[in-house]
Amino acid sequence: MAKTADDDFELLLQYLKRARGFDFTGYKRSSLIRRVQKRMLDVPSPSFSDYVDYLEVHPEEFDHLFNTILINVTSFFRDPEAWAYLDEKLLPGLLAHKGSIRIWSAGCATGQEAYSIAMLVCNHLGESQFQERVKIYATDVDEDALGQARQAAYDARAIEHLSAAILERYFLPAGRHHVFRHDLRRSIIFGRHDLVQDAPISKLDLLICRNTLMYLNAETQRRVLGRLHFAVKPEGYLFLGRAEMLLSHGNLFDPIELQHRIFAKVTKGAWRDRASLTAPTQQTEETAPVAENVQLKQTSFDQGYLAQIVVDDRDLLVLANEKARMLFDLHPEDLGRPFKDLELSYRPIELRSLIEQTLNDGHILKIAIELGPKGETAPTRYLQVQIAPILVKNAQPAGVSITFDDVTSFYKLRDDLQAAHEQLESTNEELQSTVEELETTNEELQSANEELETTNEELQSANEELETTNAELQSSNEELETTNSELHALTAEVEQTNAFLQSILAGLRYGCVVVDEQFKVMVWNHRSEELWGLRAEEIIGLDLFQLDIGLPIAKIKDELTKEFSDKGFKEIALDGVNRRGKPVHCLIKATPLKGIDQNRGLVLLIGDNQDRQS
């Protein structure tokens, strides 16, 4: 048969128990499935089996899942009226004895309830007595929540409902948080504890377990409440949450103040049936063979409301009225027979030993029995059996009267009432659980809203910065455009100047060479190209004295070097060979050159024989 979604969900619960030790099988399925599916939507994961695969690959997901399932909604003095009743009516008597005080906050979440009861007890005892006498055990299954509880640091939202006096006495400011006093915190012991699986803490004066049971199903609640009953002292108390009324567990705890969910431990017996019905005691006259009005008495007995039989001290069936005959299929010939020979003596209950007990001690016995259905469709019936001694004038029992009262309707009514109570409690717990989830959702929405507001402010600030930057860029752009225009004008002027200079240099009949201080060639005009056969683009930037031309200019290097310090110009004659291989006699005119950047150079005008002749 194909697996269903419920089967996959059970496999998921078994995997969580096996992998991390969390047993959620006792939790209510409706709320548990809803919380798990909420986390599956965030992953996302389409089915429970896929989610198991996801957990195997991503172990960090366990923490997110447990935080989603374990709704840690709590606060200081949550439900103030209930805490006020506990403080004013219960704690004074509870703390009156001189011994140690043991308190357990089960399902403490992030610790607010543990610190709340600590503050109330400290108010009554004083700080010295509190530290000497009080131990508060605070437990939860969520390690992350316990970690926060141990730090005892709470933000402004967590303490917003605490008075200034409480904050001043019990908390110390630490940055954006308030921290519960370390010296008082030593009396509070935090630890991991699973109410469903782990043994309870014992000998408690007060057990606080608020809004924890409502997540468990009825069977798990019964087991947990049995453990809590064991944990509380006979004179101790149990403090539950608003949704937890214990309507079907009156055998364990009695309500002290049901409105505020405060209960006392029941110490007498493990089960008490407050609504049991009993038949009235039957006292009969001493039986006589012949008496006046026998007919009337017999008719009255025979038509009695309850099924009734009479057995004498010789174990003989003496009387059986009409209802008894119909109920147990008795016949007139059965009268006078030994009772032990009748099926009624041992079915539906063994009556002979009970009759003997009644005859010996003279006390009335009352027993409830169950009659199985006579047919497949017939309902089960319940009888209240009363065995009463029939006393004669000397106070000696002459026999017993046994009545059978059909209390099936009562049992049905009791079962219906219990079922209605359980359904009402379950509905109330579901409602409370929904309220818890809504509160959690509201807190999440509030947090998201605050984050959105913060983000909006950050965006607004960034927008203002961008606007300022944009204005600065616009101004810089305008300046760049102005500078660009100026550069264009300057470039045009430079180009015009260059063209002018090129025109001048091209029109010279002499070779013109301009060098810098290191004699690197900066200008080489067209006439120089014709004389020596080298183009300007080939030699610009090269050392003048390293050029391979027909003019041995290196011979006059020393004289040219002196020109940098001279203020006039000098003419130097030098013989060479032009690019055609013809000897030329050149006259070199050297003139110092100083630029605006204080760099120096020389302007060399070189003319040959042909230039002079022309």
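Bear in mind that the values in this text are calculations on the coordinates, not laboratory data. Keep in mind it's a predicted model, so treat the numbers as computed, not measured. Glycine also receives a Cβ, built like all others from the backbone with ideal geometry; neighbour counts cover every protein chain displayed.
Only Cα pairs under 8 Å and at least 6 apart count here; give the relative contact order of the range 5-69 as a rounded whole percent. Show your work: numbers first, answer last.
Details: 38 pairs, mean separation 23.8, N = 65.
Relative CO of the range 5-69 lands at 37 percent.
Which value at 222 nm does the chain reach when only helices count, each DSSP H run of 4 or more adding -39,500 (n - 2.57), with the total divided by all residues and rounded to the nearest 500 deg cm²/dmol?
Details: 20 runs with 262 residues, N = 614.
Only helices count here, giving -13500 deg cm²/dmol.
Suppose the chain between HIS58 and GLN148 were pulled fully straight at 0.36 nm per residue; how much longer would it get relative to their current alpha carbon spacing?
30.0 nm
Looking at LEU91, SER49, HIS64, which one has the Cα that reaches farthest to the positive end of the dipole of the range 45-92 (charges on Cβ: Lys, Arg +1; Asp, Glu -1)?
Ranked along the dipole, the leading option is LEU91.
Determine which residues of the range 104-133 fall in the zone a paramagnetic label at ARG186 would reach in this model, i.e. backbone nitrogen under 13 Å from the point 7 Å along Cα→Cβ.
Those under the cut-off are 128-133.
Dividing the Cα radius of gyration by the Kirkwood radius, what Rg/Rh value follows for the range 384-533?
Values: Rg = 56.4 Å, Rh = 28.7 Å.
My calculation puts Rg/Rh at 1.96.
Express in nm, to one decimal, how much length is gained between GLU559 and ILE369 on full extension, taking 0.36 nm for each residue of separation and deducting their alpha carbon distance.
Between GLU559 and ILE369, full extension yields an extra 54.0 nm.
Determine the shape class of the range 5-69: with a ≥ b ≥ c the square roots of the Cα gyration tensor eigenvalues, call it rounded for a/c under 1.5, and otherwise prolate if a/b is greater than b/c, oblate otherwise. Write out the running numbers ahead of the final one.
Details: a/c = 1.27, a/b = 1.12, b/c = 1.13.
It is rounded, given that a/c, with a ≥ b ≥ c, falls under 1.5.
Quick one: which residues, 5+ away or cross-chain, put their amide H under 5 Å from the amide H of ASP313? H built at 1.01 Å from N.
Here GLY399 satisfy the definition.
Mind pulling up the Rg/Rh value for the range 294-406? Radius of gyration and Kirkwood radius, both on Cα.
Working: Rg = 14.1 Å, Rh = 14.6 Å.
For the range 294-406, the value is 0.97.
About the Cα centre of the chain, how large is the charge dipole given +1 on each Lys and Arg Cβ and -1 on each Asp and Glu Cβ? Please answer in debye to the nearest 20.
Working: 66 positive and 99 negative charges, 397 e Å.
Using only the charged Cβ atoms, the result is roughly 1900 debye.
Among GLY362, TYR137, ASN321, whose Cα sits farthest toward the positive end of the charge dipole of the chain (+1 at Cβ of Lys/Arg, -1 at Cβ of Asp/Glu, about the Cα centre)?
GLY362
How many Å³ per residue does the convex hull of the Cα positions in the chain occupy? Could you put the intermediate results ahead of the total?
Details: hull volume 210.3 nm³, N = 614.
Convex hull volume per residue, Cα atoms: 343 Å³.
Please list 473-485, 317-329, 424-436, 169-181 highest first by mean number of surrounding beta-carbon atoms within 10 Å per residue.
Details: 473-485: 10.3, 317-329: 18.2, 424-436: 16.4, 169-181: 14.7.
In descending order of packing, they fall as 317-329, 424-436, 169-181, 473-485.
Between the helical axis of 48-57 and the dominant principal axis of the chain, each derived from Cα atoms, what acute angle in degrees is found, rounded to the nearest 10?
Here the helix axis deviates by roughly 50 degrees.
What spacing in nm lies between the two simple spin-label points modelled at LEU424 and THR25, each 7 Å away from Cα in the Cβ direction?
That separation, rounded to one decimal, is 3.3 nm.
Given contacts defined as C-alpha pairs under 8 Å and at least six residues apart, what's the relative contact order of the chain, whole-number percent?
Working: 853 pairs, mean separation 46.0, N = 614.
This gives 7 percent for the chain.
Could you grab the relative contact order for the range 58-210? Cα pairs under 8 Å, six or more apart, rounded to a whole percent. Present the calculation step by step, with values, prior to reporting the outcome.
Values: 193 pairs, mean separation 46.2, N = 153.
Answer for the range 58-210 is 30 percent.
Would you mind pulling out the separation of the Cα centroids of the range 115-162 and the range 172-196, in Å?
5 Å
Could you give the nm distance between label points at THR299 and LEU473, where each point is 7 Å from its Cα heading toward the beta carbon?
11.7 nm
R0 = 35 Å: FRET efficiency of HIS585 with ALA499, Cβ-based, nearest 0.05? Display every interim value, and only then the final one.
On the way: r = 34 Å, r/R0 = 0.96.
After rounding to 0.05, the efficiency reads 0.55.
Listed highest first by mean packing, meaning other Cβ atoms within 10 Å per residue, what order do 135-141, 162-168 come in? Display every interim value, and only then the final one.
Details: 135-141: 22.1, 162-168: 11.4.
Ranking the peptides 135-141, 162-168 by packing returns 135-141, 162-168.
³J(HN,Hα) across the range 109-121 via Karplus (A = 6.51, B = -1.76, C = 1.60, θ = phi - 60°), whole Hz, x for Gly/Pro?
For the range 109-121, the Karplus-derived couplings read 6, 8, x, 4, 5, 4, 6, 5, 5, 4, 5, 5, 5 Hz, x marking Gly and Pro.
For the range 476-534, count all C-alpha to C-alpha pairs, find those more than 14 Å apart, and express that count as a whole percent of the total. All intermediate terms of the calculation are to be shown ahead of the outcome.
Details: 1144 of 1711 pairs.
Result for the distance tail: 67 percent.
About its Cα centre, how strong a charge dipole does the range 477-546 have in debye, to the nearest 20, once Lys and Arg get +1 and Asp and Glu get -1 at the Cβ? If you can, show how the numbers build up before the last one.
Details: 4 positive and 13 negative charges, 126 e Å.
It comes to approximately 600 debye.
Please work out the Cα convex hull volume for the range 187-264 and give it in Å³ per residue.
100 Å³
Count neighbours as other Cβ atoms within 10 Å of each site's Cβ, and list the trypsin sites (Lys or Arg not before Pro) in the range 1-101 that are DSSP loop with at most 12 such neighbours.
On the way: sites: LYS3, LYS17, ARG18, ARG20, LYS28, ARG29, ARG34, ARG35, LYS38, ARG39, ARG78, LYS89, LYS98; in loops: LYS3, LYS28, ARG78, LYS98.
Passing sites in the range 1-101 are LYS3, LYS98.
D for the range 413-502, whole µm²/s, Stokes-Einstein with Kirkwood Rh over alpha-carbon pairs at 37 °C and 0.692 mPa s: what number?
159 µm²/s
Find how much the distance from THR483 to GLU257 grows on full extension, using 0.36 nm per residue of separation minus their present alpha carbon separation; answer in nm with one decimal.
On the way: separation 226, 0.36 × 226 = 81.36 nm, distance 8.81 nm.
Taking 0.36 nm per residue and subtracting the Cα distance, the gain is 72.5 nm.
THR491 versus GLN197, label points 7 Å from Cα toward the beta carbon: distance in nm?
Distance between the two pseudo-spin positions: 8.0 nm.
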